[in-house]
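Have a look at the structure below, then the notes.
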Amino acid sequence: MISRRVRQTAIAATGIISMLAVGTLAAAPASADPVVAEPATGVFLAPYYTELDLTGDDQVADDDLQLLADSLGATSSSPEWASVQTGDVDADGTITVTDIAAVSSRIIYDDGPFDIVEASTIDMQAAMNAGVTTSVALTQEYFDRIAAYDKAKIDPAQNGRALNSIITTSTVALEAAAAADAMRAEQGMTSMLLGIPIAVKDNYDTADMVTTGGCGCWDANQTSDDAFMVKSLRDAGAIILAKASLDEFAFGFASEYSSFQPAGTSTLVASPYVTSRTAGGSSGGTGAAIAANLAGIGFGTDTGGSIRIPSTYNQLVGIRPTVGLTSRDGIIPLALSQDTGGPIARSVSDAAVALDAVVGVDPNDAITAEQTGLVPDSYTEYLDPTALAGTRIGFSASMIGANATDVRLWAAAKATLEAQGATVVELTGADAALLTTVMGEGSGSTNEFKHDLAIYAQNHLSPAVTARSLTQIVDSGTFVPSRKSTYVQREAVTEQTYQNWAGPTGTHTTFIANASTNVTALMDSLDLDSIVYPSGTPYGTNGNNMRLSPNTGMPAVTVPMGQTSTDDGPNAIPNAGVNLEFLGHNYDEGTLIGLAYAFEQATHYRTTPALYPDLP
């Protein structure tokens, strides 16, 4: 079910046959000494890598093959049949070498050549399991790519710029990677993120790196602990490699930041496809870094588009979860009515693996209690290339817009959806008008930022930081120069204005609740699995499309749907991507992941930035 790149992530069937012929079975892990593996926890890319598991640890590994080898020749009348029946892949009632070879193909293992560029979690885990590489080696390779590519002007064009996607790199990542390698040697692959290097947006608290929010005024913000999501990633064995740059305090789509720069100066993040263009925002550093293969997977935050815009600008997959699926505790807020954190990745499967690790109820973020009973064992269960078959997908013509690239790519996307078995339904009249109304509500950042930032400062901000309020930030002079009027404006927002807007009965609070109810009712009345629309235009936004998800709190997954063409007119920007976004029911991320995966597997639109190849 899972599509891999060009290599088979399995022990060759001929190798299994040869080992059986001499009565031995080689171990998959890299350790030279035989190790008794502890049962792994979690689901490993279900169902492909889990459905033939015989021993109950949710993955196919050496112990499964040994069990089949010991039962070679067993039939449906044999006493041990119940324990090995799952391994009778060809359903002929007998365990044969053919069955063992088929089961072996479900091991995450590949002893062939490994290339870090465009490597997925499957590729990395398979190579680490085979001993071809290690987490230490992966971490160092990404450090080398950051050193070579991030601050250097690689683009020969006169207006080309450096990526500037990373603010801080970890001084303990290699140590953590060594610990992950030791864990693998002792217990096998305990998680799909074990040893995988990850970059998080620099508004996530990290106990080993400062959290600046993109502002030089907070260069000293070394927090005492990790954000809930960061702790969850570490618990899964991931390596927090670096903190990615962002638009200062996550305000906008330019990704302009002032961290560790002289007062009165700032830097823009560049897209690795067209470095004279922004990588989008506010999670632009995450987008640029993941697109240029400076880390395995990234995490951003989204208030009004800040995961999805960098994803569409950089040909990536982004998940904006339901507000309440991922904890915001330990993340610098912009507007808690709409803030949510989620993954940015090069593939839908990587995004699903990453999401698995960070969901959970957090007592420090009360809204996460809503997810109870609504989270699947693994979002990878939905990675089905046929997921679009029999679905109903809605769209509004006004959300397609008039941009030539979007119009052309939408026509192709609609044809793909239909070819994959979806019924595409145009929303008209009152249904289309409802979406327009929902998107017309403004962002919460104007009225909420001052209030929400004060809560973060009280609970998380390091005592070493002296600029603890908007007034003090302005007085420090150390921020993106163009933001002064914005900060002054937000400082003037009173507590009464905040309550009237975002309080329990505030107009914005009420609007979002009603919008969620009404859009859900619309989808239910038409039996829609999703509503789709372009996430943006080439290096731009498409109307108010980005507001549909945050103004309802409903989840959205964005996936590449193609690039610009000479057919789009003389002003088309070469190599610019546009994404297709899938909006769905609250806490139904699984369905959206399945739809996006099916679209991705039918099209494979993502390309690799030519400016950032393998290092020599």
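The values are calculated or read from the model by the stated rules, or taken from the named source; none is laboratory data. What you see is a predicted model; the values in this text were computed from it and never measured. Cβ coordinates were reconstructed from backbone atoms using ideal geometry, including for glycine residues, and neighbour counts include every protein chain displayed. Please note that ligands, DNA and RNA were not included when accessible areas were found on the heavy atoms of the full protein model with its side chains. Shrake-Rupley method; radii C 1.70, N 1.55, O 1.52, S 1.80 Å.
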Where a Cα-Cα gap under 18 Å defines reach, which aspartates and glutamates qualify for residue 151, not counting those fewer than 8 residues away within the same chain? 141, 202, 247, 256, 614
The chain: calculated mean residue ellipticity at 222 nm from DSSP helix runs of at least 4, using -39500 (n - 2.57): -10000 deg cm²/dmol
Roughly how big is the chain's charge dipole about its Cα centre, with Cβ charges of +1 (Lys, Arg) and -1 (Asp, Glu), in debye to the nearest 20? 2400
How would you classify segment 98-182 from its alpha-carbon gyration tensor, with a ≥ b ≥ c the square roots of the eigenvalues: rounded for a/c under 1.5, else prolate if a/b is greater than b/c, otherwise oblate? oblate
For segment 310-335 and segment 86-132, compute the distance between their C-alpha centroids and round to whole Å. 33
Cut-off 13 Å, label point 7 angstrom out along Cα-to-Cβ of residue 408: give me the residues of segment 541-584 whose amide nitrogen falls inside. 562-578
For residue 450, counting only aspartates and glutamates whose alpha-carbon sits under 16 Å away and dropping same-chain residues fewer than eight positions off, the answer is 248, 339, 475, 491, 495
Once you place label points 7 Å from the Cα toward the Cβ at residue 147 and residue 423, how far apart are they in nm? 5.9
Per residue, what accessible area does the chain have, given a 1.4 Å probe and all protein chains present, in Å²? 35
List the trypsin sites (Lys or Arg not before Pro) in segment 68-177 that DSSP assigns to loop (not H, G, I, E or B) and whose Cβ has at most 12 other Cβ atoms within 10 Å. Which are they? 153
Which of the helices in the chain meet the span-like rule: DSSP H, Cα axial reach of 24 Å or more, Kyte-Doolittle mean at least -0.5? 507-525
Whole-angstrom gap from segment 519-564 to segment 362-395, using each part's C-alpha centre: 16
Starting from the Cα gyration tensor of segment 247-342, take the square roots of the eigenvalues, sort them a ≥ b ≥ c, and report rounded, prolate or oblate (rounded when a/c is under 1.5, otherwise prolate if a/b is larger than b/c, else oblate). oblate
Positive-end residue, segment 442-544 charge dipole about Cα centroid, Cβ charges, pick of 539, 518, 503: 539
Which of the three applies to segment 269-424, rounded, prolate or oblate, going by the alpha-carbon gyration tensor with a ≥ b ≥ c and a/c under 1.5 meaning rounded? oblate
Run the paramagnetic zone check for residue 372: 7 angstrom along Cα to Cβ, then residues of segment 288-323 with backbone nitrogen under 12 Å. none
Please list 283, 266 from largest to smallest accessible area, probe radius 1.4 Å, with all protein chains kept in place. 266, 283
Ignoring ligands, DNA and RNA, please state the percent of accessible area on the chain from carbon and sulfur, probe 1.4 Å. 54
Candidate lysines for bridging to residue 231, where Cα separation is under 18 Å - those fewer than 8 sequence places away on the same chain excluded: 201, 243
What number comes out for the charge environment of residue 335, summing +1 per Lys or Arg and -1 per Asp or Glu over other residues with Cβ under 13 Å away? -1
